[in-house]
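Step one of this worksheet: look at the structure below.
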Amino acid sequence: VQLVESGGGLVQAGGSLRLSCAASARTFSSHVLGWFRQAPGQEREFVAAITGSTGNTYYGDSGKGRFTISRENAKNAVYLQMNSLKPEDTATYYCAAKRNEFRLRYRTAYDYWGQGTQVTVSS
């Protein structure tokens, strides 16, 4: 499975961005898809995940109420809509995929990763 993120960039605080991730696998629709982020000097942090079978969504504390994850299986795509962005949201955002729903908040549980897209929020 290859994952390619896009949509990052520079935005002012309070603004919005929509990240996209395109996957190559035909079995994409059955995978759990997640978004993580990593700021310089910090560990990679869980942001959100969406299951393949039911489309259930899960969020980390950092984006709860501001971020929305969604997927479009027909396009092999997953999205992260980020609203009310804050300077502390500045990080590299990574798309990830895993085959089952266990431990979906844990980065070590994911099987595939994209290269990341940079999000910078200015104050």
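Screening Thr108 with (1) in a helix (DSSP H, G or I); (2) under 12 Å from the mean Cα position of the chain (by Cα) gives one miss only, at (2).
Of all residue pairs spaced 6 or more apart or on separate chains, those with beta-carbon atoms under 7 Å, a first member in the range 58-84 that is in contact (Cβ under 8 Å) with a residue 24 or more places away in the chain and open to solvent by 50 Å² or more (accessible area, probe 1.4 Å) and a second member that is of a type in the set (S, T, N, Q) and assigned to a loop (DSSP other than H, G, I, E, B) are Asn83/Ser16.
The residue of the range 23-57 that is farthest from Arg71 (Cα to Cα), among those that are of a type outside the set (S, T, N, Q) and open to solvent by 50 Å² or more (accessible area, probe 1.4 Å), is Gly41. Taking the criterion of being in a loop (DSSP other than H, G, I, E, B) and within 12 Å of the chain's Cα centre (by Cα), would at least one residue in the range 34-57 satisfy it? Yes; the residues of the range 34-57 include at least one that is in a loop (DSSP other than H, G, I, E, B) and within 12 Å of the chain's Cα centre (by Cα). List the pairs whose first member sits in the range 110-123 and is on the phi > 0 side of the Ramachandran plot, whose second member is open to solvent by less than 40 Å² (accessible area, probe 1.4 Å) and part of a strand (DSSP E or B), and whose Cβ atoms are under 7 Å apart, counting only residues at least 6 apart or on separate chains? Going by the 7 Å Cβ cut-off, the qualifying pairs are Gly116/Glu5; Gly116/Thr92; Gly116/Tyr93; Gly116/Tyr94.
The values are calculated or read from the model by the stated rules, or taken from the named source; none is laboratory data. If you're wondering where the values come from, they're calculated on a predicted model, not measured in any experiment. A quick note on method: Cβ atoms are made from the backbone with ideal geometry, for glycine too, and the neighbour counts reach across all protein chains shown. We work out accessible area using only protein heavy atoms, side chains counted, and drop any ligands, DNA or RNA first. Shrake-Rupley method; radii C 1.70, N 1.55, O 1.52, S 1.80 Å.
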